[in-house]
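Have a look at the structure below, then the notes.
The values are calculated or read from the model by the stated rules, or taken from the named source; none is laboratory data. Only a predicted model underlies this, so the values are computations on that prediction, with no experimental measurement involved. Here the Cβ is made from the backbone with ideal geometry for all residues, glycine too, and neighbour counts use every protein chain on show. To get the accessible areas, we keep the full protein, side chains included, count just its heavy atoms, and leave off ligands, DNA and RNA. Shrake-Rupley method; radii C 1.70, N 1.55, O 1.52, S 1.80 Å.
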Amino acid sequence: MIEIVIIENKPHKAGPQWKFAGAFYFATVVLAMIGYGHSTPVTIGGKAFCMAYAIVGIPLGLVMFQSIGERLNKFASVVIKRAKRYLGCEQTEATEINLMMATGLLSSVIITTGAAMFSRYEGWSYFDSFYYCFVTLTTIGFGDYVALQNDQALINKPGYVALSLVFILFGLAVVAASINLLVLRFMTMNAEEVRRDEPDDRDSGDQTLEGDIVALNGKLVAIALTDQVSVCSCSCLTHNPVPPIPISVTIGKRASV
């Protein structure tokens, strides 16, 4: 019984979980799909509302994070382009590798800065704080480390609550930008491999017809613009009972020899 009382009483060290600050923190955790499990609805109405909120809020949250991530990538591309111009580089356009390096560097700065902040406010070691930041921004959310759960932090430390919420929202947007670039990079690499593995049909002896162009042995032949059915002007075709092999192909108003 003592163990149950201690376990049930532990979350209340943060202060009232369902005041505005605690409820806002809970809603952010649900929206970001982190799911620490530090506080959960108990009543039937609360559970039903939580499910409805998650069904509506999670897709909107994904769209929001994706939109912010795309804008961060555009901003990073502009900064990289101006930096290359300032340095006098010949190639001033921001490549995918440049953007991946920029977003990766920004993600590392956010995680290391957040780890220092949580280490100071929560009293954790720096490695444990770094672990908490990584688990949070990757939306794993084990729940073994949860911020804002000690010393009535939800009531007595509004600045720390605001910093924690900004860390979660902005950090997830940066991680979304990084993942977006990685997915695009993998898709590009896959397309290049498929294009490289396609068989070379240029050496085949088959005749192919694409649109209004005739190809022979993989090479395009000349195109003549004419309204005639044949480019041959002789009248032998009309007197010969067995017509020879035609030497032209007419498609619409285009004839290819």
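With all protein chains in place and a 1.4 Å probe, the accessible surface of the range 58-116 carries 68 percent carbon and sulfur. Accessible surface comparison of 2, 97, 168, probe 1.4 Å, protein chains only, largest first: the order is 2, 97, 168. Sorted largest first by accessible area at a 1.4 angstrom probe radius, with every protein chain in place, the residues 178, 125 fall in the order 125, 178. Of the chymotrypsin sites (Phe, Trp or Tyr not before Pro) in the range 47-119, which ones lie in a loop per DSSP and count no more than 16 other C-beta atoms within 10 Å? Of the chymotrypsin sites (Phe, Trp or Tyr not before Pro), not one in the loops of the range 47-119 has a Cβ with at most 16 other Cβ atoms within 10 Å. Of the trypsin sites (Lys or Arg not before Pro) found in the range 1-106, those that fall in a DSSP loop while having at most 13 other beta-carbon atoms within 10 Å are 19.
Among the protein heavy atoms, those of residue 140 account for about 80 Å² of accessible surface (1.4 Å probe, every chain in place).
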